[in-house]
Structure formats: structure tokens, C-alpha cells
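Presented below is the structure to which this report refers.
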Amino acid sequence: MERKIIELDQGWAYMLKGITKLKRILEGLTEDPFSSEDYIFLYTTIYNMCTQKPPHDYSQQLYDMYREVFDEYIASMVLPSLKEKHDEFMLSELVQRWLNHKVMVRWQSRFFHYLDRYFVARRSLPALYEVGLTCFRDLVYQEVKANARDAVISLIDKEREGEQIDRALLKNVIDIFVAIGMGQMELYEQDFEVHMLQDSGAYYSRKASSWISDDSCPDYMLKAEECLKRERDRVSHYLHISSEQKLVEKVQHELLVVYEMQLLEKEYSGCRALLRDDKVEDLSRMYRLYHKIPKGLDPVSTIFKQHVTAEGMALVQQAEDVASSQTANGGVGMQELVLVRKIIELHDKYVAYVNDCFLNHSLFHKALKEAFEVFCNKAVSGSSSAELLATFCDNILKKGGSEKLSDEAIEETLEKVVKLLAYISDKDLFAEFYRKKLARRLLFDRSANEDHEKSILTKLKQQCGAQFTSKMEGMVTDLTLARENQNSFEEYLHNNTNVNPGLDLTVTVLTTGFWPSYKSCDLSLPQEMAAALLLFNNADRLSYSEMMTQLNLTHDDLVRLLHSLSCAKYKILNKEPNTKTILQTDNFEFNSKFTDRMRRIKVPLPPVDERKRVIEDVDKDRRYAIDAALVRIMKSRKVLGHQQLVMECVEQLGRMFKPDIKAIKKRMEDLITRDYLERDKDNQNIFKYLA
Amino acid sequence: MSIGKAISKTVEQIDRLFDSYANPSLGLIDPEGIETLCSDVGVNHTDIRILMLAWKMNAEKQGYFSKDEWRTGLKALKADSLNKLKKALPALETQVMMPPNFQDFYAYAFRYCLTEEKQKCVDIETICELLNLVLGSQFHAQVNSMSEYLKFQSEYRMLNMDQWMNFYRFCHEISFPDLQNYDSNQAWPLILDGFVEWMREKQC
């Protein structure tokens, strides 16, 4: 049987009945709910009207009329009800109307569903659901969005001031802003978020400007921390998650960035004061607050560095003051050793700060390092820091040193000393001083504990490389071997009494190259003195210049030697003229009248200025090191600009010492003269390697 | 006269001129001979033009001209008589003053002072005289100050070729006496760094 044609008017009348019912349900008026038959009838009506043959296929008209239902409903019912309410009440109404609308769209699009299946798809038109939402957006949302947003923002500010607000309501309103974008966040961002952020910014700007003048730094930071916490909480409860970062940044900016310098530099409670008063908790908070802000920690680390530097410099100055008020004895005194101890303590203290307050952040490690590099390289009463450190070690490692410590304490201290070495630029100078003192400890059996000696060498090797400690290790090994040899030798003598020389004989065999060269020793007559006196076997009287020629010593050495033989306690030689100073015009005669009650006397050589000698040796080694580095670099690069060559040279040598730029230039000139390098003909600033 | 004959006549005349000044036992023109030559030509034997002549000849040993060197020089100057030699000198001067000739001449002047074998440096006093001779007219102020400095400082008693050449570059590149564009971080020899430092201190 042919289906009966439904005319448009007729069909629409049927639909309207259903639609009206729907509207009444939404208005909360008494109505029975839709039955399945109701639904099927409405659906089928649409189906028929869409599948009828032209001119009775009414798809287009029905599609349009679908939308008009919403338009009409919104205009007559929804908008008026919204317009008569304000603030919170308006928001509640809006939420309710939105929920209603969603229901209406859902139901109505079910009735008209057949349109979605063919008409919409074939013509690539917006789906029914989308049409429905678009109506709400264009007619309701656009009308009320400004008022809604203002109402929301003012509630937020109320909550900020401490009042209780209806969070659920806000969440629902904000959900509308999100949902109305139909998948895009644009409407939320432009119609709500940007205004909310601006308002928040203004709010916190006001707060910050009043807090910054009234509050101390710790109090301000506490407030800031609390505000940030609350804002995050706000987001989790009713703002969209995508707003969190922007909001936090905004609040951070107003509270922490704008006033950063004012906050940190508050005179009695700012960063410097907190460091001074060891306010660890407040500093930790400062770190937490600023570490997420780009470059936020830079001023903090700068102040930290300045503070540590000042503390260190104060210690150095203190030591200098005490040392200069006492009579100098030319060596390293007690005060300087105390200084090293204090610097170690300072280091421990601030390493803890870097680890605990500043959570190991590299910026603070760097600040600490730079601070220590400043004052750890200052000399105290003529002694370089390299010498001080070497003397400090000597004091711990030798028998009868001024520090009485347990084994563990010694290990710990040595560990810390090696760490301090990293800050000293003249590491090679330290190595020389250390080596000299080590030699003395070993040779004169003044070392307290061999294990400690070995342990510190291991630590130094780890920190500075094997080359640094190779000679020192050689020295220790020599001594161990020497002891074994001595034992075997004594055993041999014991077993072979016929070979026994009848003297106590102790021999220590040393490997040349490991050990420093010596002038003085505890024999009863130093080598050169013996040589000098032997000259008088062949002559009773010799002039200064004759002795000079025969002994082949430097003037310095000869003067010292003759002084001790002719002007000191025991006049083994008579000097003409009999003055207390040695001149090159003097003459010397063997004193045949010399006697003394004691059979063995000590005629010591006055000690050479060891410090000067060490510095000279190190300077010489440095010249060779610079030469070697320059040649090495040029050999591999072949052609290099002046500045770059200098830079690479400094970098290569940096592990051991900080080379003087002038010294590098001098060595380069020397290398040019020796035909290792030449300048480029066209650019005098470029050097070429000459193979 | 054919060209060939003309050339050989020139060579003959040049040789004859050589012989008139040469020391017969050495086979070279020696310092005495040079002095005679100078007075004949009408210049002081310390005049820069003699140095320029030596340069033109590429003379190896200071105070002596060999026959080959004499021939080289006079041929280049197109002079086969004393008169022509005299007349060639102003042109020679002009030629030397032109870069790049002057740089070559400047380097030559230094090498000319290396009288011993394997000598690489020239003593300060000679340097000061040489600077005055060679650069004195062009860079009067710089030469004066530098000479003063060289005599004042005690670190260097001799200068090497590198330092010598760099002073020339210094005169050309560095504004004087303000020294504003001098940068000791560049590859200037240390002695010039010292010179600049000394000048700057004086100016304070």
C-alpha cells in the first residue's frame, strides 16, 4: 500500500505537539514523561517527511525549522529570565538554562535524527547537535558572557579576601565557557581567562605594593607562598586546568618578580641578613619561590656569593692582622694554620647551605666555588695560600704537630684540605711546597703515620691527576724500600760479624728526580764547608776570589758559607779584615788556634730562604710548561689566532696554575726566535707552526 | 754600436768603477772605499741613501760591497758612471719609500746589522740609531718616544726581527700619541705592550 503523503504543515503540527511537551517538562510544569510510542511517532514523522518523493521531501525545511524552535524558545523564555537576574542569581539561572538547553538539544535531535543520517551528511551541514549548541552560543552566551564573567571574577576576588563562595556554581559556569567552544578553548580563553588573569594581576599587584613596604622579607615570602598555594587550589576546584600555569605565572610575576630586588635587598630582613643570621628555613623558602621563575635565582646566588666571599675575606684579614702584630719569623705561624682550619669550617657550613637550602642547584655550586676562589688565593703575611695549605698538611702529618686528632678526624680533615685545593689557582706551587715538606718528614723520620701519608696522596691523585703525585709517591716508595733494605743489611751484618765495620751505619737510598735537592743536612759538616776547608790543605791563606774560582759556587752561597766559618760562633777561619760581613776583597786564613771543649760540634749553614727557592723552581717549571703547551697546541692546529692560542694555553694549564698572559706572550716570542712559530705574512695576529 | 756591444761596454764601465773603490787585496769595496764613494757622491756615509744603495745591491755584509752586488745594484739603477749614480739616488729614494718596497727595505735594514754569524738580535743602541735613520722622517714622534723607552727599560738589551717589524706596523696602525686603538690582548710583542704602558703612565 502506498504511504500517505504528509504535508509539511500537517507534519509540523505533529512535531510541535512533541516539542511543546518537551518545553513544558523543561519549564518544570507538570507533564507525563515521553513514552516510547511518543518518541517513535515523532521520529517516524520526520522519517516519512524526509523520504517522500519530491516535491514532498521536506528535509531542508525541517532542518531550518529545527533551528527555529530553539531561536524562538530562547527569545521568548530563556533570555528574558536571564535578563531580570543579577550577580550570583544570574549565574545560577544561567547554569540552569544551560542544563535545560542541553536536554532540549538531546531530545530534539533524537526526534529529528533522520536528518543527521542523510540530509546533514550529504550536504555537509552542521549536525543537529551542533546547530542546537550554536543557537545557545549565538543568542544566549554572546548576550550574557560579559556579565557572567564579571560576576565570576568578583566572586573569585571575594574568595581571595577570605569569604566563602559557592565553588560548585563557579565550576558550572566556567564549564559553560569551556563547553561552548565546542572543542576549541578559544572562547574560554578570550571571553573569560584573559579577563580573569588581568584582574588577578591587578589584585596581586595591589597586595604586593602594600605588603612590600610593611612586611619583612620572611613574612612577605610566607604570604606569597600561601597565595600561590591558594591559587593552585582554586584552579583544581573550579578553573580549567589550562589556566593553572598562566595564573601561577601571573601571581608570581606580581608578587615575586616585580618586587624581587626590593624584597631581597631589605636591609634588616633581606637575603643578606638571612644569610648573616643563618635563617635556613627562610632561605629554603626563598629558593622554592624563586627557582621556578626564569633567572629568579640569579640575584639570590649573587648575594650568596658576595656573602661567602665577605666571610672568607674577613677570616683572611683577621689572620693578616694578627700575624702582622706578631713578630714574623719568616715561616708560617700558628695564626695561618688556624686560618686554614677556619676556612675548612666555612666551607663545610656553606656546602651544607648549597645542599640543604638550595637543593644542590648548580647556580649555587658555582657561586660557592667563585667565592672561595677569591679569598683562597689571598696571601697572608707573605705566605701564599699554596704554602699555607702545604704547611697545614705538614702539621697534621708530622709527629708532634700542633693538632692532636684521632685517625678518623685526620682522614676527614685531609679529605677537606684536598677539596680546598680545587679553589687554589697555583696548584703546582702547592705541590712543590708539599713535596719539600714531605721529603723532610720522610728523611728525618718525622712522619706520624704512613697510612695517612698514602691516603692523602691517593686523594690528591684523584683530584689532580697522576702526574701531580707521581714524584711524591716515588718518595714514599723509596722510603719503604729503604727500610726493607736497612733491615736486610742489619741482618746481614749480624750474620757476618767479620764484615761489620764497627760503626753504626744507616743508609737510605733515594731515587734521583723524586726528591728535592738539598743544601743543608744534619751532618756535622756540610759538603761545601768540607770542600772549602780542604782548600786550606794546600794554602794557609786564600782570598775570596781564589776560593770562588776553586769552589765554583754562586756569590750568595759562598758568602753564607764563609760567614758561618769565620763570623759565627766557631771561628774556624780567620777573616781579614775582622768585620762581621763578607766582602769580595776579604782574605781568609786557617785558624790553627781553634779549639773547643766539645768533641763534636755543629757548624750549621744558615738556612736558605726556602720559600724563595720554591717559588723560583716553580716559575722555572711553569716556563717549560707554557712552552710545552704552546708547542703542543700549535703542532696540532698548525695555524691559530693569537687570542685563541692564549685561551687554549690557559685552559690546558688551568689544572695546575693560572698562567700570566705576559708570561705566555714572552714564551711565544721566545718560540718565534727559536723558529718554532712564525707570524702569518698577511695577518700579524695569526701564528703558524714551523715543523 | 750594436746592443750587445753597448751592454758589454756598460758592464765594463761598472766594473771599472768598482775597481776604483775596491780594496785590491780583498777584491771587495771595504768601509774605507765606501767612505770614499760617499764623499765622491756627496753624501754622508751615515746617510740613509747609502743604506738604500746597499739594499738595491742586496749587499750581505755591512760595510762591504762585493763585485756581484755592485753589478746588481748599478745595473738596476742604470748607472755606469759616478755621475749617473749620483743622479739615480733621488729616484732610488722615491722608489724605496713606496710600499711594499719600504717594508722590504725596513727588514733589510735590520738584517744588515746582524754582523755575526747566527746573530739574531741587535743591541738597543744600534736599534735606536737605525730607527731614527730609517723611520725618523716618516714617524718622528713615535721614533723619539720609542727610543726614549728603549733606553729607559732594562728588560730587553737586544731586539729581534719580530719586534723590529712590529714597530713598523705599530707606526702604521696605531694612532699616536693617544694610542687609543692599541689592544695588548692582540699579538703585539711584549716590548710594545711595555712601551704603550709606559707612555700611558706618562700621559697621566
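So, in the range B:29-75, how many residues would count as being surrounded by fewer than 18 Cβ atoms within 10 Å (Cβ to Cβ), in a helix (DSSP H, G or I) and either of a type in the set (Asp, Glu) or touching a Cys at 6+ places or on another chain (Cβ under 7 Å) (or both)?
The total comes to 4.
Starting from residues that are of a type in the set (Asp, Glu) and under 20 Å from residue B:138 (Cα atoms), keep the ones in the range B:172-194 and report whichever is farthest from the other protein chains (Cβ to nearest Cβ).
It comes out as B:178.
Quick one: which residue in B:154, B:145 is of a type in the set (Ser, Thr, Tyr) and either more than 22 Å from the chain's Cα centre (by Cα) or at positive phi (or both)?
B:154
Go through the range A:639-660 and report how many residues are surrounded by 15 or more Cβ atoms within 10 Å (Cβ to Cβ) and either without any contact (Cβ under 8 Å) to a residue 12 or more places away in the chain or under 20 Å from residue B:191 (Cα atoms) (or both).
Matching residues across the range A:639-660 total 5.
When you look at residue B:110, is it part of a helix (DSSP H, G or I), modelled with pLDDT of 90 or more, within 14 Å of another protein chain (Cβ to nearest Cβ) and buried (at least 16 other Cβ atoms within 10 Å of the Cβ), yes or no?
Taking the combined requirement at face value, the residue satisfies it.
Please state which one of B:169, B:200 is away from every other protein chain (no Cβ under 14 Å), surrounded by fewer than 19 Cβ atoms within 10 Å (Cβ to Cβ), under 24 Å from residue A:643 (Cα atoms) and among the basic types (Lys, Arg).
Within the list B:169, B:200, the selection yields B:200.
Only one of these is aliphatic (A, V, I, L, M), farther than 19 Å from residue A:274 by Cα and either in contact (Cβ under 8 Å) with a residue 12 or more places away in the chain or surrounded by fewer than 15 Cβ atoms within 10 Å (Cβ to Cβ) (or both): A:338, A:351. Name it.
A:338
Which condition breaks for residue A:690 when tested against (1) hydrophobic (A, V, I, L, M, F, W, C); (2) within 12 Å of chain B (Cβ to nearest Cβ); (3) over 24 Å from residue A:378 (Cβ atoms); (4) without any contact (Cβ under 8 Å) to a residue 40 or more places away in the chain?
Failed condition: (2).
For residue B:84, work out the one condition from (1) modelled with pLDDT of 90 or more; (2) of a type outside the set (Ser, Thr, Tyr); (3) part of a helix (DSSP H, G or I) it doesn't fulfil.
(1)
Could you tell me whether residue B:158 is surrounded by fewer than 17 Cβ atoms within 10 Å (Cβ to Cβ), of a type in the set (A, V, I, L, M) and within 14 Å of chain A (Cβ to nearest Cβ)?
yes
Can you report the number of residues in the range A:1-44 which are more than 28 Å from residue A:78 (Cα to Cα) and either assigned to a loop (DSSP other than H, G, I, E, B) or β-branched (Val, Ile, Thr) (or both)?
Residues meeting the conditions: 9.
Any residue in the range B:178-204 that's in a loop (DSSP other than H, G, I, E, B): show its pairings with residues that are surrounded by fewer than 12 Cβ atoms within 10 Å (Cβ to Cβ) at Cβ separation under 6 Å, as long as the two are six or more apart or on different chains.
B:181/B:175
Mind counting the residues in the range A:623-679 that are under 27 Å from residue A:386 (Cα atoms) and either more than 9 Å from every other protein chain (Cβ to nearest Cβ) or assigned to a strand (DSSP E or B) (or both)?
Of the residues in that region, 25 qualify.
The values are calculated or read from the model by the stated rules, or taken from the named source; none is laboratory data. What you see is a predicted model; the values in this text were computed from it and never measured. Heads up, the Cβs are rebuilt from the backbone with ideal geometry, glycines too, and the neighbour counts pull from every protein chain shown.
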